[in-house]
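Report on the structure given below.
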Amino acid sequence: MAQNTKPTSILDSLGEEIIRIIAPVSICMFMVVILVSVLDSSSSSSTSASVNSIATIAYAETNSDSSWDKFVGALLNSLVFVAVVTVVTFILVLLFYLRCTKFLKLYMGFSAFVVLGFMGGEIALFLIEDFSIPVDCITFVVALFNFAVVGVLAVFMSKMAILVTQAYLVVIGMLVAYWFTQLPEWTTWVLLVAMALYDLAAVLLPVGPLRLLVELAISRDEDIPALVYEARPVTCNGSGAEGRVAQRRVWRDRGSENSDHESNNNPNANSVFVENVDSGSNSTSNASVVPDSSTESNTLVSGHNDATLVRAEEGWVPERDAELSAPLIDPRMNIQPQQSELEGIGLGSSGAIKLGLGDFIFYSVLVGRAAMYDFMTVYACYLAIIAGLGITLALLALYQKALPALPVSIALGVLFYVLTRFLLEAFVVECSLNLLMF
Amino acid sequence: MTVAAGIGYALLALGPSLSLFVSVISKKPFLILTVLSSTLLWLTSLIVLSGVWRVFLPLKSTSWWPYGLLIFTSIAFQEGLRVLFWKVYKRLEDLLDNFADKVSKPRLFQTDKMQIALAGGLGHGVAHAVFFCLSLLTPAFGPATFFVDRCSQIPFFLVSAIIALAFVTIHTFSMVIAFNGYAEGNKVDQVFVPVVHLVAGMVTLVNFASGGCIIGIPLLYFIASLTLIHCGKMVWRRLTENRSRQGN
């Protein structure tokens, strides 16, 4: 047919990068919703009292308190949490400044092991209990140990297939998010809002710790040690692996005169993700700082801080030397005048979009908490979060600087949750039960 | 009743959309984004409508005219949003054509434009199925089932799934018809879509009568197949005249 000989339309590949970042976010949210609905149906709501952590240190919510008391208690909890996050982020900045990267790397590997081993083990035990799966202790321990070790290797050393690394990052995000959904209800919602505000402040204020971290990393031309999800870049024009590596090198040429639009997008991708990563890492870090009996906490702390040594090992080291002479020009200077918004999002370039694991976690916490009410809120919040993510990516293309990924999505998510719970549900149930639809 | 039944109801409402999605939409990332945006748009319109109508709920269940008014206003609002959707799409089409020129690729084909319209319609349909059927399915995964008084022969979940399937079809293909109508300036198509939507909504009022769903649902499917046939004829006509134009 004539169709087969026509050149490919732009519609075939447009928007691929966005989908490559939306897909894992959706998978993580979906898994958390499944976990929450499967595991929560058995446990009662009074288990909220059993979760002791930094996030409930100020106030433990009980069902009998009035709404105002719950709100004030939740506010206190969140303030404590955000304060601890800020302190830990500043410590991270200090350590990075003092070039203790090895220590950070080891700490991250250790946390990944504890998250996968202990948190994963705990959830696996719940599942075994619920579904009465016949498995003996020794098999279970061996399997869990192997699972955790492979996970540490996957995020710690980059010689694995990218799919394995991505899968393990999503699993880590899912486990941490599930733990967060076990917090009491008011505390969770106020905490989400507080973390979104913190993210906004830490990235955009000149004194914000995340901004300092980004600037340090840019000035030293190093990777920030943190857990980050990297969507594979789109290969353009048949460039193979070399092309990909070369393009990622371009990404690291901050301010180089390579004014392909690639370089424009990549520094930004770098910054965007950085912000998210750190906000994520800190939040989880804090949870762990707790002098708590459960060892899960400790895992979380180290968890996110180490990151992308992964990429360093991928053979970029020889190319690093080429960048030493890169002048420290504001990436904005490299923007070509005719760059349309579409190219800015990375649609026309092959830059990889990176999203910090903290964003995965908090999006999933929001959706998981919505799942504890009803599935209608889940669908509404999912759409809101994806919309927020799209808006953030568009803003990134527009402003070409580091942007926090949490605020827009969390704001839209909370808004849609409230609207759905109080307005939409009554309307839809009323119409549906009378079999009136439109 | 059990997970199998729950999944069955979900697939009944969303099965064809899932196959459409996997075969046509999932291959082009832009179409996936279109589906997500149009789902969000439909959800927003539903939230606005529920915000407006919330104060009047719950309506008296004896008379049918408050419900008629509710459906009429909702459909009018959604059809208005469809025009808005079309205008946004026009601007997007210009943007995409400019982008195509810049990367020296061909401009949007006729089939591309129709696929975008299909994706938009699918988004609306999926949103309808999700919010009117899927979100109420949670009890269906448990051990029991539920019957409504007015349609007591079959479980409520089954009825809502069947109605949702009809509406998914109507929404999906009327978007294609509507976009084509606006593009060609074809008055018949432009009027066809709101009328069909309104008629379909009003037909569900028939369900209000006791035992009415026996008449209401076949009528709904008649309207759905009408939409499908009209869309098929229109697409066939467009594609053949396109091909003959290229042959010249």
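The values are calculated or read from the model by the stated rules, or taken from the named source; none is laboratory data. As the structure is a computational prediction, the values presented were derived from the model and not from experiment. Cβ: placed from backbone, ideal geometry, glycine included. Neighbour counts: every protein chain shown.
Residues to consider are A:Ala405, A:Ala370; find the one that is away from chain B (no Cβ under 11 Å), farther than 22 Å from B:Leu33 by Cβ and surrounded by 24 or more Cβ atoms within 10 Å (Cβ to Cβ). Residue meeting the stated conditions: A:Ala370.
Per this entry, A:Ser432 is not counted among residues that are assigned to a helix (DSSP H, G or I), more than 7 Å from every other protein chain (Cβ to nearest Cβ), of a type in the set (S, T, N, Q) and within 30 Å of B:Arg54 (Cβ to Cβ).
Checking B:Leu220 against (1) part of a helix (DSSP H, G or I); (2) within 26 Å of A:Leu433 (Cβ to Cβ); (3) modelled with pLDDT under 90, which single condition isn't satisfied? Result: B:Leu220 passes all but (3).
Among residues of the range A:411-424 being within 8 Å of chain B (Cβ to nearest Cβ) and touching a residue at least 12 places away in the same chain (Cβ under 8 Å), the one that is farthest from B:Met202 (Cα to Cα) is A:Phe416. B:Lys60 falls short on exactly one of the conditions (1) more than 8 Å from chain A (Cβ to nearest Cβ); (2) assigned to a helix (DSSP H, G or I); (3) not aliphatic (A, V, I, L, M), and that condition is (2). The set of residues in the range B:132-148 that are more than 7 Å from chain A (Cβ to nearest Cβ), among the aromatic types (Phe, Trp, Tyr) and buried (at least 17 other Cβ atoms within 10 Å of the Cβ) contains only B:Phe141. With the structure loaded, tell me whether B:Val35 is more than 17 Å from the chain's Cα centre (by Cα), more than 9 Å from chain A (Cβ to nearest Cβ) and of a type outside the set (Lys, Arg) or whether it fails that test. In short, no.
Condition first: surrounded by 16 or more Cβ atoms within 10 Å (Cβ to Cβ), of a type in the set (Ser, Thr, Tyr) and either modelled with pLDDT under 90 or under 22 Å from A:Asp221 (Cα atoms) (or both). Now tell me which residues in the range A:79-112 satisfy that. Scanning the range A:79-112 gives A:Thr89, A:Thr101, A:Tyr107, A:Ser111. Considering the range A:113-144, the residues that are under 29 Å from A:Phe90 (Cα atoms) and touching a Gly at 6+ places or on another chain (Cβ under 7 Å) include one that is surrounded by the fewest Cβ atoms within 10 Å (Cβ to Cβ), namely A:Leu116.
Listed conditions (1) small (Gly, Ala, Ser); (2) over 29 Å from B:Ala10 (Cα atoms); (3) more than 10 Å from chain A (Cβ to nearest Cβ) are all met by B:Gly125, apart from (2). With respect to B:Ala166, determine if the residue is closer than 18 Å to B:Leu43 by Cα and assigned to a helix (DSSP H, G or I). No. Out of A:Val408, A:Val428, I need the residue that is in contact (Cβ under 8 Å) with a residue 24 or more places away in the chain and either closer than 26 Å to B:Phe146 by Cβ or out of contact with any His (no Cβ under 8 Å at 6 or more places or on another chain) (or both). Which one? Result: A:Val428 is the single residue among A:Val408, A:Val428 that is in contact (Cβ under 8 Å) with a residue 24 or more places away in the chain and either closer than 26 Å to B:Phe146 by Cβ or out of contact with any His (no Cβ under 8 Å at 6 or more places or on another chain) (or both). Residues in the range A:216-234: is at least one at pLDDT below 65, surrounded by 17 or more Cβ atoms within 10 Å (Cβ to Cβ) and outside any helix (DSSP H, G or I)? Yes. Checked against the criterion of being at the interface with chain A (Cβ under 7 Å from one of its Cβ atoms) and out of contact with any helix residue (DSSP H, G or I) (no Cβ under 6 Å at 6 or more places or on another chain), the range B:72-85 contains not a single residue that satisfies it.
The lone criterion from (1) farther than 18 Å from B:Gly201 by Cβ; (2) away from chain A (no Cβ under 11 Å); (3) not in a helix (DSSP H, G or I) left unmet by B:Lys27 is number (2). Among the residues of the range B:70-118, those that are among the hydroxyl-bearing types (Ser, Thr, Tyr) and within 30 Å of A:Val429 (Cα to Cα) comprise B:Thr73, B:Ser74. Listed by first and then second residue, the pairs linking a residue in the range A:194-209 that is among the acidic types (Asp, Glu) to a residue that is part of a helix (DSSP H, G or I) and buried (at least 23 other Cβ atoms within 10 Å of the Cβ), with Cβ atoms under 6 Å apart and 6 or more places separating them unless they lie on different chains, are A:Asp199/A:Ser279; A:Asp199/A:Leu406. Please enumerate the residues belonging to the range B:183-204 that are in a helix (DSSP H, G or I) and more than 18 Å from the chain's Cα centre (by Cα). Passing the criteria: B:Ala183, B:Glu184, B:Lys187, B:Val188.
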